[in-house]
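Quick notes on the structure that follows.
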Amino acid sequence: MSCSLGIASISTSFTKFINLDNSTVESYELVTDEHRKSAKSGIGRGIVGGALLGPVGMLGGALSAKSKGIYTVAIQFKDGKKSLLEVNDKIYKAIIKKCF
């Protein structure tokens, strides 16, 4: 999966890609959406909070980590094939925009 210039695509081989837009996608359905805390963000915020306010600041910083949206999307292609994809916010928004 990749997303460049607002177009989501799937790599089917080293040189071939399928763009996920209304010319290739018959329909799509959101199966699940989850929001997970970013470990990298939590560690960084915890270190800064700990340096500024001690143990309480460390805990507060770690708990304020940024959330990342992870979406599971079922896609029905116009050629009859189906895919179940797990994508991030950026790719999900590109799929919605191009397939609407």
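With respect to (1) at pLDDT below 90; (2) open to solvent by less than 100 Å² (accessible area, probe 1.4 Å); (3) over 14 Å from the mean Cα position of the chain (by Cα), the lone exception for residue 69 is condition (3). Within segment 16-44, the set of residues being open to solvent by 90 Å² or more (accessible area, probe 1.4 Å) and at pLDDT below 70 comprises 35, 36, 37, 40, 43. Scanning segment 1-15 for residues that are loosely packed, with under 10 Cβ neighbours inside 10 Å and part of a strand (DSSP E or B) turns up just one, 4.
The values are calculated or read from the model by the stated rules, or taken from the named source; none is laboratory data. What you are looking at is a predicted structure, and each value in this text was computed from that prediction instead of being measured. A quick note on method: Cβ atoms are made from the backbone with ideal geometry, for glycine too, and the neighbour counts reach across all protein chains shown. Please note that ligands, DNA and RNA were not included when accessible areas were found on the heavy atoms of the full protein model with its side chains. Shrake-Rupley method; radii C 1.70, N 1.55, O 1.52, S 1.80 Å.
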